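Below is one structure, written out as structure tokens; the observations come after it.
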Amino acid sequence: MTTALSIQDLRKVYGNSFEALKGITLDVQQGDFFALLGPNGAGKSTTLGIVSSLVNKTSGKVKVFGYDLDTQLAQAKQCLGVVPQEFNFNPFEKVLDIVVTQAGYYGIPRKQATERAETYLRKLGLWDKRNERARMLSGGMKRRLMIARALVHEPKLLILDEPTAGVDIELRRSMWDFLTEINAAGTTIILTTHYLEEAESLCRNIAIIDHGSIIQDTSMKALLQKLDTETFILDLKDDFTELPELNGYVIRPRDAHTLEVDVPKSQGLNELFKFLAEQGMEVTSMRNKANRLEELFVSLVDKNLKQERA
Amino acid sequence: MNTRLLWTAFVTIVVKEIRRFTRIWVQTLLPPAITMTLYFIIFGNLIGSRIGDMGGFDYMEYIVPGLIMMSVITNSYGNVVSSFFGTKFQRNIEELLVSPVPNWVILAGYVIGGASRGLGVGFIVTLLSLFFTDLQIHHLFVTIAVVLLTAILFALGGFINAVYAKTFDDIAIVPTFILTPLTYLGGVFYSIQLLPGFWQGVSQLNPILYMVNSFRYGILGVSDINIGFAFAMIIGFIVLLGGYAMHLLNTGKGIRE
């Protein structure tokens, strides 16, 4: 299988001596939907900035579909589409002009650029807004405009830096569907997001970066299997008078008729429900306290922080 | 990128730049037209009629080439400095930086875009001047070549200024404190022959004097300076500033972290 993105021993030291990347190595395979996660300031945007030529690296190698950024920059850039975190289009330009102009930078003639712009603006629900100035669009529309702009030259690798930040749930889900569709059509996608539910739903492989180092690089499935405890919230029909205690489970009260229970993966839920039924407690509903990936993410980042401090 | 792709990318940048300054024509094309009309009325007609001849020509005829050149210089410079700084400020420079457009095409696109505004305004001012005087071009090649090269030179200057600029103040400092004084003292309104010897020598250190005078030579056939030297100097400055602008782009100064 072809490697879509290959990063080897990538380092970045900013002018103020801050070491943002401490020699990271990472491979993303063609066709993958890859999550690059990390807390704020971990080095995600620096990594993607170097890959997209917006940040100069200090050392290391980056290849996009085998094209070395140092020696075959133009070919590497042809393969790459970038949706940045911040809005970075000219707000005074018309929506259609922004997309057509971007196509022009890739050498696509105006007629063909206009046809492609129409295709992607229609797919992203922006065709009706094509003659509006970009500043008149809502936040969600601006995000979709940046996706249309990044796709107009039909890149093989699409980098999305928090594409759904500030987007409402309905729109976020429609964007997920769209991204899943283009990934299924063959576009490799690298995604950073703070919505871990998003990464869990969309991505097959994941890397977690913290303090400039990769602390996890594995498949989503393998990572989630590492989760040995899940926390559930149980709503009871009646108020409880005494907090129940069950060996192997940690049970905490949230209020008079709600319990928070840490459930070890080795023990499961059956034993808990059986126990609660024996105690005369009827459970009316149940939900995860946090997204599974979120629990893992927090524990991994905490662990890394403790190791760094030690 | 092959030649066809490069050409498409170059034309895209130039068209984007031309669309920008024509979209905001009230800010870009109208003010110099009004300012220059006032210069023609006040300096050319009202005051000029009392001054009499300058360099063997009616004062209005004498200042018209200088005023056209002043418009070309300030607008070529102003277009690139504001456009490229705005592009940096709004971060839409990233649209270009992630694309495969080589740096020399980015520079050429902005410079030709800026020169287009300079030449466009120069053309408007030339048309306006026809309401006040008859223009007969003495040397067409010199006139066209010098105005074209000057527009390119100052567009390059504007580009370098924009690369270094971090605030809106930074894009106003050079035009206000360097470009405007040099233009006014560059023989737009007078022949340096009127100055005492020492100040004639000082004036000859001003590069804008050579551009204004060679353009005036192209139109009127009179000049305070040697035309060949003026061309060599303008081309020399273009090579120097062009090389420096490329160095800035290649190192990512002010545009890449």
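Structure notes:
- In the condition set (1) buried (at least 22 other Cβ atoms within 10 Å of the Cβ); (2) more than 14 Å from every other protein chain (Cβ to nearest Cβ); (3) closer than 21 Å to A:L151 by Cα, A:K63 is compliant with all but (1).
- Where B:L30 falls short, out of the listed (1) more than 14 Å from chain A (Cβ to nearest Cβ); (2) more than 25 Å from the chain's Cα centre (by Cα): (2)
- A count restricted to segment A:37-60 and to residues that are open to solvent by 10 Å² or more (accessible area, probe 1.4 Å), modelled with pLDDT under 90 and in contact with a helix residue (DSSP H, G or I) (Cβ under 8 Å, 6 or more places away or on another chain) stands at 1.
- A:G280 meets the conditions (1) exposed (fewer than 14 other Cβ atoms within 10 Å of the Cβ); (2) closer than 30 Å to A:D217 by Cβ in every case but one. The failed one is (2).
- Answer residue from segment A:256-282, given it is charged (D, E, K, R) and assigned to a strand (DSSP E or B) and is nearest to the chain's Cα centre (by Cα) among those: A:D262
- Taking segment B:67-185 and the helices (runs of 4 or more DSSP H) fully enclosed by it, the elements with 3 or more residues that are closer than 20 Å to B:T35 by Cβ and open to solvent by less than 10 Å² (accessible area, probe 1.4 Å) are at B:103-129, B:140-164.
- Residue in segment B:58-66 that is closer than 30 Å to A:F92 by Cα, part of a helix (DSSP H, G or I), away from chain A (no Cβ under 14 Å) and open to solvent by less than 10 Å² (accessible area, probe 1.4 Å) present: no
- Search result, residues across segment A:23-36 that are buried (at least 16 other Cβ atoms within 10 Å of the Cβ) and out of contact with any helix residue (DSSP H, G or I) (no Cβ under 6 Å at 6 or more places or on another chain): A:G23, A:I24, A:L26, A:D27, A:V28, A:G31, A:D32, A:F34
- Some residue of segment A:125-133 being assigned to a helix (DSSP H, G or I) and of a type outside the set (F, W, Y): yes
- Subset of segment A:85-124 (residues that are under 23 Å from B:I106 (Cβ atoms) and in a loop (DSSP other than H, G, I, E, B)): A:E86, A:F87, A:N88, A:F89, A:N90, A:P91, A:F92, A:E93, A:Y106, A:G107, A:I108, A:P109
- Taken together, A:V82, A:V167 contain a single residue that is of a type outside the set (S, T, N, Q), open to solvent by less than 70 Å² (accessible area, probe 1.4 Å) and assigned to a loop (DSSP other than H, G, I, E, B), which is A:V167.
The values are calculated or read from the model by the stated rules, or taken from the named source; none is laboratory data. All figures in this text were calculated on a predicted structure; none of them were measured in a lab. Here the Cβ is made from the backbone with ideal geometry for all residues, glycine too, and neighbour counts use every protein chain on show. Side chains included, ligands, DNA and RNA excluded: accessible areas come from the protein's heavy atoms. Shrake-Rupley method; radii C 1.70, N 1.55, O 1.52, S 1.80 Å.
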